[in-house]
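Working notes, beginning with the structure itself.
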Amino acid sequence: MIDTKKMKGKAWVFGDILDVDFDICPIEATKGSFRPKGEEDWGKYCMTNLDPDFPKKVKKGDFIVAGINFGYGHDHESAPLSIKGCGVAAVICESTNRNFLRNSVHIGVPVIELPGIKSKVSQGNELEVDLKAGTVRNLTTGDTLTFAPYPDFLIEIIEAGGLYPLLREKLPKGEVPIYAKVPPPQ
């Protein structure tokens, strides 16, 4: 279970226009005889084209901070799986691709779009993120930035570790998440 209130970690700052299959999780590294089986296997490839040692240096709970168009490209889950697999708590970027955002939340990785984040955060700054309050505090500089808070139903998915873990927890009990109780169209 993930605590979405006051997540704390170090910032790992990357650039703009980062592709899911080249920059975030190099697809060529996952082809051939080896195919990652679990999240930790995927994590070994996270950001390795940009920083070959990133999966060894990043700590559980740290954040990826990036510029515009983070996660552009194909609609593959490999990129968010690699981010989750190496322990990154959230991605905070200037902007992202809708498919990447959906895939990330689906597997339990929050993505925060926050214009101006790269000008307020440097490599190694300590950050505190609260999804419900919609705040990113830079504990190193004292700056606080705000974003549209995550709605409760998305927080529920994130805290469960993704949509499937949430459904595996609720459905056997006869519970259906509130957002699934949408009346059919007339």
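Any read-out appearing in this document is the output of simple, stated calculations on the displayed coordinates, not a laboratory observation. Just so you know, these numbers come straight off a predicted model, no measurement behind them. Cβ coordinates were reconstructed from backbone atoms using ideal geometry, including for glycine residues, and neighbour counts include every protein chain displayed.
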Helix-only [θ] at 222 nm, the chain, -39500 (n - 2.57) per DSSP H run of 4+, per residue, nearest 500, equals -6000 deg cm²/dmol
With the label point 7 Å along the Cα-to-beta-carbon line of Ile17 and a cut-off under 19 Å to each amide N, the hits in segment 82-104 are 93-100
Using the crude model of +1 on Lys and Arg Cβ and -1 on Asp and Glu Cβ, and no other charge, please compute the dipole size for the chain relative to its Cα centre, in debye to 20.
400
Select from Pro80, Tyr164, Ala90 the residue farthest towards the positive end of the dipole of segment 68-173; place +1 on Cβ of Lys and Arg, -1 on Cβ of Asp and Glu, and compute about the Cα centre.
Tyr164
Mind ordering 117-124, 12-19 by average Cβ neighbours within 10 Å, highest first?
12-19, 117-124
Taking Cα atoms only, Rg over Rh for the chain with Rh from the Kirkwood formula is 0.98
Hey, which aspartates and glutamates would be in cross-link range of Lys6, C-alpha to C-alpha under 17 Å, not counting anything within fewer than 8 residues on its own chain?
Asp62, Glu126, Glu128, Asp130, Asp143, Asp152, Glu156, Glu159
Considering only segment 1-159, percent of DSSP beta bridges that pair antiparallel, nearest 5
45
